[in-house]
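The values are calculated or read from the model by the stated rules, or taken from the named source; none is laboratory data. Since we're looking at a predicted model, the values are computed, not measured. Positions of Cβ are backbone-derived with ideal geometry, glycine not excepted, and every protein chain shown enters the neighbour counts.
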Amino acid sequence: KAGVTQTPRYLIKTRGQQVTLSCSPISGHRSVSWYQQTPGQGLQFLFEYFSETQRNKGNFPGRFSGRQFSNSRSEMNVSTLELGDSALYLCASTGQDTDTQYFGPGTRLTVL
Amino acid sequence: DAKTTQPPSMDCAEGRAANLPCNHSTISGNEYVYWYRQIHSQGPQYIIHGLKNNETNEMASLIITEDRKSSTLILPHATLRDTAVYYCIVRTNAGNNRKLIWGLGTSLAVNP
């Protein structure tokens, strides 16, 4: 089975722009979670989607949003980028028969 | 806030067992202990998880104390490729709130 894929792997944006990141879960997995990882904060939970519905949300401002499509692929969007949004964004998928989250390689976002 | 406490760093000689401790004194009865590792800026890799019994798989063994307030991840024969940051996580309630709360982990250096 193919693992979790994330695109793009690297991205450079400037302040004020917006960005969309994509995640394709493991085939058959319907839950997708997003995390932000920065050197000082570690991994911070953003949100979880299941069957196209946001099921859980972390403590991030409304500039961070996401959605999930009927094929379980998910996107997250960050609007009005700030320097502090520079981070590794990780996506994880979970199957129905397990609660284990499997992570993709991440998207490295740099905001200049 | 993270619900686990781990030493920030550890060293281990190649070929020896690496024993990584984790304290989770406030764990609830229905919470699992998960271990992941992250090799430099890649996505976290699932290692093992358990509820109250000791667990073993092809990667590692997990020893959970009887009172469940602490656990130890054992890599039986560490190799240089095991150099990574190891995260011990307790998973919040099952069902609609399955986010993982991450600490800063233990940076394990395996030395030749």
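Overview of results
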| item | result |
| --- | --- |
| Unmet criterion (only one of (1) buried (at least 17 other Cβ atoms within 10 Å of the Cβ); (2) touching a Lys or Arg at 6+ places or on another chain (Cβ under 9 Å)) for A:Trp34 | (2) |
| Selection count where residues are of a type in the set (D, E, K, R) and within 22 Å of A:Gly42 (Cβ to Cβ), scope region B:37-61 | 1 |
| Filter result (surrounded by fewer than 19 Cβ atoms within 10 Å (Cβ to Cβ) and of a type in the set (D, E, K, R)) within region B:16-54 | B:Arg16, B:Glu31, B:Lys52 |
| Residues within region B:1-53 that are in a loop (DSSP other than H, G, I, E, B), within 14 Å of chain A (Cβ to nearest Cβ) and in contact with a strand residue (DSSP E or B) (Cβ under 7 Å, 6 or more places away or on another chain), tallied | 10 |
| Set B:Arg98, B:Arg91, B:Arg68: member being at pLDDT below 95 and either closer than 17 Å to B:Ala13 by Cβ or more than 14 Å from chain A (Cβ to nearest Cβ) (or both) | B:Arg68 |
| Criterion violated by B:Ile63 - all others in (1) within 14 Å of chain A (Cβ to nearest Cβ); (2) over 30 Å from A:Leu109 (Cα atoms); (3) assigned to a strand (DSSP E or B) satisfied | (1) |
| Conditions (1) of a type in the set (Lys, Arg); (2) touching a Phe, Trp or Tyr at 6+ places or on another chain (Cβ under 6 Å); (3) over 30 Å from A:Thr53 (Cα atoms): number failed by B:Arg91 | (3) |
| Condition broken by A:Pro105, with the remaining ones in (1) at the interface with chain B (Cβ under 10 Å from one of its Cβ atoms); (2) at pLDDT below 95 satisfied | (2) |
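Yes or no, residue by residue, for (1) more than 17 Å from B:Leu100 (Cβ to Cβ); (2) touching a Gly at 6+ places or on another chain (Cβ under 8 Å):
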position: A:Ser33; (1), (2): no, no
position: A:Gly42; (1), (2): no, yes
position: A:Glu48; (1), (2): no, no
position: A:Lys57; (1), (2): no, no
position: A:Phe60; (1), (2): no, no
position: A:Arg63; (1), (2): yes, no
position: A:Phe69; (1), (2): yes, no
position: A:Ser72; (1), (2): yes, no
